[in-house]
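Here is the structure we will look at.
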Amino acid sequence: MKKINYLQIILHFIATCFFIFSFQFYSAIYNIRIFKLTSENGVENVLKNAEDYGITIIDMWNFNFTAFISSLIAIIVVFIISILISVKRKWSVWNSLIVLILSFFLIHFDFFGLYTIKKYFSPGYFIDDLLISFLTSGSFFLAIGFVILFSKYLNRLIDNQRYSLIKN
């Protein structure tokens, strides 16, 4: 039986975080009108006077739902990519399943809602236009996630750890 590879779990979990951040930024484009209203008028003002701004309960539900569903989709996408990488490189599929379970568990506790971290590490933070900001930040985090998953250097490190675990 193939061994659990802790380095693969850690790296693929980090890639999952970046994919989640990316997909959350991309899903924010769907709700850009609400983001523009809250940035111009303040969150509390918009929430208290939602009818005055033309925001319905359905709009608020869509706002929350798209953020949540985008995180789930990101987790599933990374899981599928992780499984494909594991099969191709002859790693244990259990590592990918552990990342999937860990990600679903942590999304339940809003671990991925680290908005302050996303805010300060996001290049779109310095761009005034919200659409360009969301596109830039989403693309930035997605690129980092892909680099982590497909880096030859990181994959060699995972391979080397796998062999050292088997020999012991």
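Quick notes
- Residue count for region 102-112, restricted to those that are within 13 Å of the chain's Cα centre (by Cα) and under 30 Å from Leu47 (Cα atoms): 6
- Pick from region 3-12, criterion open to solvent by less than 30 Å² (accessible area, probe 1.4 Å) and assigned to a helix (DSSP H, G or I), ranking: farthest from Ile73 (Cα to Cα): Gln8
- Only one entry in Val99, Val93, Val87, Val77 is within 30 Å of Asp159 (Cα to Cα), open to solvent by 30 Å² or more (accessible area, probe 1.4 Å), under 17 Å from the mean Cα position of the chain (by Cα) and at pLDDT 80 or above, namely Val77.
- Filter result for Ile32 (open to solvent by 20 Å² or more (accessible area, probe 1.4 Å) and touching a residue at least 40 places away in the same chain (Cβ under 8 Å)): yes
- Qualifying residue in region 48-67 (condition: within 30 Å of Tyr153 (Cα to Cα) and under 11 Å from the mean Cα position of the chain (by Cα)): no
- Region 48-69, residues that are open to solvent by less than 100 Å² (accessible area, probe 1.4 Å) and over 30 Å from Phe105 (Cα atoms): Asn49, Ala50, Tyr53, Gly54, Ile55, Thr56
The values are calculated or read from the model by the stated rules, or taken from the named source; none is laboratory data. Keep in mind that what you see is a predicted model, and the values were worked out from it rather than measured. With ideal geometry, Cβ positions are generated from the backbone for all residues, glycine too; neighbour counts draw on all protein chains shown. The accessibility values were calculated without ligands, DNA or RNA, using every heavy atom of the protein model including side chains. Shrake-Rupley method; radii C 1.70, N 1.55, O 1.52, S 1.80 Å.
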